[in-house]
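Peer 1: What follows is a single structure, and I will ask about it in a moment.
The values are calculated or read from the model by the stated rules, or taken from the named source; none is laboratory data. These numbers were taken from a predicted model, which means no experiment stands behind them. Cβ: placed from backbone, ideal geometry, glycine included. Neighbour counts: every protein chain shown.
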Amino acid sequence: MADYLSLRDIRSLRITAPSPPNLAEFSRICNPMQAHAESMRGQNRTLAELRDTLLPQLVTGKIRVKDAERIVEDAT
């Protein structure tokens, strides 16, 4: 038989929540870090798209490095 929580067990659970001042301090510290992380994810997506677009063309010789540099400059 698998372990389980009965309704009685669930009703007896107690959860400790942080106080409003602690939550505010956590948000004050973490929100800028989360915004920075999201910005980095966006930059990472952009770089991955550029890589996926340019690398196959560079490898096959369809474009040269100077052409790729121009394409990147035009995209930014």
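Peer 1: Write out, first by first residue and then by second, each pair whose Cβ atoms fall under 6 Å of each other, whose residues are 6+ apart or on separate chains, and whose first residue, in the range 34-56, is under 14 Å from V72 (Cα atoms) while the second is in a helix (DSSP H, G or I).
Peer 2: L54/A68
Peer 1: Before we move on, is A24 assigned to a helix (DSSP H, G or I) and in contact (Cβ under 8 Å) with a residue 12 or more places away in the chain?
Peer 2: In short, no.
Peer 1: Take the residues in the range 1-50 that are of a type in the set (D, E, K, R) and surrounded by 11 or more Cβ atoms within 10 Å (Cβ to Cβ); name whichever of them is modelled with the highest pLDDT.
Peer 2: Among them, the one singled out is E25.
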